[in-house]
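J.: This is the structure I want to talk about, given as structure tokens.
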Amino acid sequence: MAAPHRCGPALGHDNQPRGGAYTVSVRGRHNGQVSAPNVVIVGAGFAGLHATNDLVAAGARVTLIDRHPYTTFQPLLYQVATGGLNPGDVTYSLRALAAEKRGRVRFRRANVTGIDTEQQRVMTDVGEPVDYDYLVLAQGVGANFFGIPGADRYARSIYTRGEALEVRDLLFGLLEGLTVAAPNQELSVVVVGGGATGVEMAGTLAEMRMQGLPVAYPEINPTQVRVMLVEMAPHVLAPFDESLRRYTLRQLRERGVDVRLDTAIAEVREHEVEFKDGQVERADLVIWAAGIGGHELVKQWGIPQGRGGRIIVDPDLRVRDQEKVFAVGDAAVVEDDPSPQLAQPAIQMGKLVARNIKALDHGQPMESFRYKDKGTMATIGRSAAVVELPNGTKFTGFTAWSMWVALHLSFLLGGRNRIQAMINLGFRYLLYPRNANAIVGDLADSETGELPGPRKHGS
């Protein structure tokens, strides 16, 4: 089912850890064995990690490159942004992961600055170029602002740990500011995008307003806080069945969310948004969940990109016109058969690319990617969620919510993360509103949005 939506071993001349072998290969043999292929994977999301695990199991040596020293479970970042989870609950050290692989994985924290496909090497902003036999691009995507004026400057996204923390610190800074504001002053939060991320964020904010505020912020009247969800389509949760869309819309509105359908954003300005119809609404905090696109840095790699900056791949997941370069996950697209940008397609791509690299290395035919839908789900709030299985079976309410909680906890890496997340979610969903203890940090200035001190969260 789709979840919503790193000093090391001895190095050889190619800067890779030695050891291990394929027993059969079309490459040079020595006593029936050859050196294990050297695979470089860029990005440690769902696709990159599953490719890493399966390649190591197949005997390959992997260099994992990521700009962060941790992998992030993105589907729960909205919980970090609203104070329900610690950032450590949804992140896992990539160096710990590499250590678990006993020398088969080497991690480098770096940004990829270029790819030399002729010399088969990856250039980074840290250290020497990294040579590869096979390259897997799994760098993921970021927010897509679609060229809307002011969106990239004033709107906040929650696709990384740093971005989620910025939203959290700004949100609680705004609430603190409201405690000493005039009685008639309002705080308006506008969530742009009616997909799973937008629905989950808006639903959680609405529950905070109605249940958490009276306990934690008795100075604030809940009517002073407004949560708006803006979606340009005529419905929320577009991939779901119509009955589940209606259920979701009803649940959001029952929680007091001002849902605006068939509404497009024309411009985002400081403290306000303007719609295409000319209407202007106050917006103290704009959370952008309206779409994702390729990272700008990818344009410098000389790799073919299509709509939304996704890397164009053949059905076997090789980058177009490349023999030993693959792309997987949200950042890749088979143009004739595009897959949804969800966790399950990324996982399935990661596993297939491992099989195809092994097949290619052995001179065997490779498989074409066929996405197997295992179902989709989204949560709206406590005891309210939607689940749709491939056979058409649908769940709503507490049953769907329990399925959502169980699946998301099971996907977290590390037992400590699962236990800690279970405890924190338990406080949020089982003890609310008697215990409204949110996880907070440094509070951003309610006027400028700046965090105190010299520290700025990276994205």
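J.: Please find, within region 397-436, the residue that is modelled with the lowest pLDDT out of those that are farther than 24 Å from Gln74 by Cβ and polar (S, T, N, Q).
T.: Among those that are farther than 24 Å from Gln74 by Cβ and polar (S, T, N, Q), it is Asn435.
J.: While we're on this one: From Leu85, Leu76, Leu97, grab the single residue that is under 21 Å from Ala354 (Cβ atoms) and under 20 Å from the mean Cα position of the chain (by Cα).
T.: Exactly one residue qualifies, and that residue is Leu97.
J.: I'd like to check which helices (runs of 4 or more DSSP H) are fully inside region 146-207 and have at least 1 residues that are among the β-branched types (Val, Ile, Thr).
T.: 161-179, 196-207
J.: I would also like to ask the following. Scan Leu237, Leu213 and give me the residue that is over 24 Å from the mean Cα position of the chain (by Cα), of a type in the set (A, V, I, L, M) and surrounded by 20 or more Cβ atoms within 10 Å (Cβ to Cβ).
T.: From the options Leu237, Leu213, the qualifying one is Leu213.
J.: Does region 57-109 hold any residues that are open to solvent by less than 10 Å² (accessible area, probe 1.4 Å) and at positive phi, and which are they?
T.: Gly83
J.: Which residues, taken from region 379-403, are of a type in the set (A, V, I, L, M, F, W, C) and open to solvent by less than 50 Å² (accessible area, probe 1.4 Å)?
T.: Ile380, Ala384, Ala385, Val386, Val387, Leu389, Ala400, Trp401
J.: Still on this structure, I have one more. Regarding Ala354, is this residue surrounded by 24 or more Cβ atoms within 10 Å (Cβ to Cβ) and not assigned by the TED database to the domain that holds Ala51?
T.: No: the conditions fail for Ala354.
J.: Would you confirm whether any residue within region 133-141 is of a type outside the set (A, V, I, L, M, F, W, C) and either surrounded by fewer than 20 Cβ atoms within 10 Å (Cβ to Cβ) or over 22 Å from Gln300 (Cα atoms) (or both)?
T.: no
J.: Same structure again: Can you work out which of the residues in region 216-234 that are closer than 25 Å to Glu176 by Cα and within 25 Å of the chain's Cα centre (by Cα) is surrounded by the most Cβ atoms within 10 Å (Cβ to Cβ)?
T.: So the residue we want is Leu229.
J.: Tell me which of these Met201 doesn't satisfy, since it passes every other one: (1) more than 17 Å from Ala283 (Cα to Cα); (2) open to solvent by less than 30 Å² (accessible area, probe 1.4 Å).
T.: (1)
J.: Which residues, counting only those in region 283-310, are among the basic types (Lys, Arg) and either open to solvent by less than 40 Å² (accessible area, probe 1.4 Å) or within 26 Å of Met232 (Cα to Cα) (or both)?
T.: If the condition is that a residue be among the basic types (Lys, Arg) and either open to solvent by less than 40 Å² (accessible area, probe 1.4 Å) or within 26 Å of Met232 (Cα to Cα) (or both), then Arg307, Arg310 are the ones that fit.
The values are calculated or read from the model by the stated rules, or taken from the named source; none is laboratory data. It should be emphasised that the depicted structure is a prediction, and the values quoted were computed from it without experimental measurement. Note that we place each Cβ from the backbone using ideal geometry, even for glycine, and neighbour counts take in every protein chain shown. Heavy atoms of the whole protein, side chains included, go into the accessibility calculation; ligands, DNA and RNA do not. Shrake-Rupley method; radii C 1.70, N 1.55, O 1.52, S 1.80 Å.
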